Amino acid sequence: MKLSVIIPAYNEEENITDVINKIEEALDIPHELVVVNDHSIDTTAQLVTRIIQQYNNIRLVENKLPRGFANALKAGFNNVATDIAVPVMADLCDDLRTIKEMFKKINEGCDVVCGARYIKGGARMGGSKIKGLFSCFVGWSLHYLLGIPVHDIANAFKMYRKNVLDSIDIKSKGFEISMEIPLKAYYFGFKITEVPTVWRERTKGKSNFSMFRLLPSYLKLYIWAIFKRLIK
C-alpha cells in the first residue's frame with residue numbers, strides 16, 4: 001500500500017526545503033509527496049521546483065481555487081495518486097514519526113487516523129495557550145458528549161483513506177476542514193481511531209491560523225455535531 005503526503009504551502013520559503021528533506025529522510029513507507037502551492041508570493045514554488053530534481057516522487061500542484069488552507073488541502077486530495085493521504089504542515093510542527101503509526105492503523109482496517117496531542121504519549125509544545133485550551137476543550141468535550149472516538153478532533157495531522165474524502169461534501173473554507181472531515185466520517189459510519197503525536201510551534205515563518213477569525217466556523221461545526229447526535 002502506498003501513501004500520499006500532502007504539504008499545503010503559502011509563503012513557506014523558510015521551511016519548505018527542510019520539511020521535504022525531513023520527510024524523505026523519515027519515511028521508509030512507499031510514498032509520493034504532493035506540495036500544494038497556495039498562491040505564494042515568495043519563492044516557495046521555485047524552491048519546490050528545484051528540489052524536485054533530487055527526488056522522483058515529488059509533484060508541485062497549484063491551488064486554482066481562492067487561497068486558503070481548506071482549498072489547498074482539497075487541491076491536494078484531488079491530485080493524489082494513492083488510496084491514502086496525510087497532510088503535513090510546511091512549518092515542521094508535525095512529528096513525522098507519527099506517520100508510521102498512523103499507517104499501521106490504516107493497515108489494520110481504520111479509515112481515519114487522528115494524531116492526538118491530548119492523550120498519553122502526546123503533547124503540544126509551545127504556541128498560544130488559549131489556542132491549546134480551545135482545541136483541547138473541543139476534542140475532549142465531543143469525545144465525552146457524543147462518543148467521538150478521538151480526543152483531538154481539531155488537529156490537522158490526520159491520515160485518511162481516499163474513499164472517505166470522496167464520500168464527503170467538504171464545505172469548509174479554512175482550518176476547520178480538519179474538524180469537518182472526521183466528524184462527517186464518524187456519522188457516515190467510517191472507522192476512526194487516534195495515535196499520540198507531539199506538536200511543536202513553528203520556529204520560522206508566520207502562521208496563517210487565526211483562532212478568533214475562525215472561531216465561528218468551529219462553533220458552527222461543534223453545534224452541528226451535537227444537533228446531528230440529538231436527531232440520530
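The values are calculated or read from the model by the stated rules, or taken from the named source; none is laboratory data. Only a predicted model underlies this, so the values are computations on that prediction, with no experimental measurement involved. Because the Cβ atoms are built from the backbone with ideal geometry, glycine has one as well, and the counts that use them run over all protein chains shown. The area values use the complete protein model at the heavy-atom level, side chains included, leaving out ligands, DNA and RNA. Shrake-Rupley method; radii C 1.70, N 1.55, O 1.52, S 1.80 Å.
Just checking, how many residues over the stretch 28-41 are surrounded by 15 or more Cβ atoms within 10 Å (Cβ to Cβ) and closer than 23 Å to Phe175 by Cα? Matching residues across the stretch 28-41 total 8. Exactly one residue out of Gly115, Gly132, Gly121, Gly127 is under 23 Å from Trp224 (Cα atoms) and either surrounded by fewer than 20 Cβ atoms within 10 Å (Cβ to Cβ) or out of contact with any helix residue (DSSP H, G or I) (no Cβ under 8 Å at 6 or more places or on another chain) (or both): that is Gly132.
State yes or no: is Val88 modelled with pLDDT of 95 or more, among the aliphatic types (A, V, I, L, M), more than 19 Å from Ile20 (Cα to Cα) and crowded, with 22+ Cβ neighbours inside 10 Å?
Numbers: modelled with pLDDT of 95 or more: yes; among the aliphatic types (A, V, I, L, M): yes; more than 19 Å from Ile20 (Cα to Cα): no; crowded, with 22+ Cβ neighbours inside 10 Å: yes.
It is false that Val88 is modelled with pLDDT of 95 or more, among the aliphatic types (A, V, I, L, M), more than 19 Å from Ile20 (Cα to Cα) and crowded, with 22+ Cβ neighbours inside 10 Å.
Inspection of the stretch 174-181 identifies at least one residue that is of a type outside the set (A, V, I, L, M), in a helix (DSSP H, G or I) and under 15 Å from the mean Cα position of the chain (by Cα).
Quick grid of which residues meet (1) outside any helix (DSSP H, G or I); (2) aromatic (Phe, Trp, Tyr); (3) out of contact with any Asp or Glu (no Cβ under 8 Å at 6 or more places or on another chain); (4) more than 25 Å from Ile168 (Cα to Cα):
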residue	(1), (2), (3), (4)
Leu60	yes, no, yes, no
Lys74	no, no, yes, no
Ala81	yes, no, no, no
Lys105	no, no, yes, no
Gly132	no, no, yes, yes
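Out of everything in the stretch 5-22 that is in a strand (DSSP E or B) and in contact with a Leu (Cβ under 8 Å, 6 or more places away or on another chain), what residue ends up being farthest from Tyr55 (Cα to Cα)? My answer is Pro8. Which one is surrounded by the most Cβ atoms within 10 Å (Cβ to Cβ) among residues in the stretch 48-58 that are outside any loop (DSSP other than H, G, I, E, B) and not charged (D, E, K, R)? Per the criteria, the residue is Val48. When the stretch 165-195 is filtered for residues that are under 10 Å from Ala154 (Cβ atoms) and open to solvent by 30 Å² or more (accessible area, probe 1.4 Å), only Phe175 remains.
In summary, Glu25 fulfils each of the numbered conditions (1) open to solvent by less than 80 Å² (accessible area, probe 1.4 Å); (2) assigned to a helix (DSSP H, G or I) with the single exception of condition (1). Among the residues of the stretch 203-232, those identified as modelled with pLDDT of 60 or more and either outside any helix (DSSP H, G or I) or of a type outside the set (A, V, I, L, M) (or both) are Thr203, Arg213, Pro216, Ser217, Tyr218, Lys220, Tyr222, Trp224, Phe227, Lys228, Arg229, Lys232.
Asp91 is checked against (1) outside any strand (DSSP E or B); (2) in contact with a strand residue (DSSP E or B) (Cβ under 8 Å, 6 or more places away or on another chain) and fails just one. What number does that condition carry? So the condition that Asp91 fails would be (2).
Scanning the stretch 107-130 for residues that are under 15 Å from the mean Cα position of the chain (by Cα), of a type in the set (A, V, I, L, M) and either more than 13 Å from Ala85 (Cα to Cα) or not in a strand (DSSP E or B) (or both) turns up just one, Ala116.
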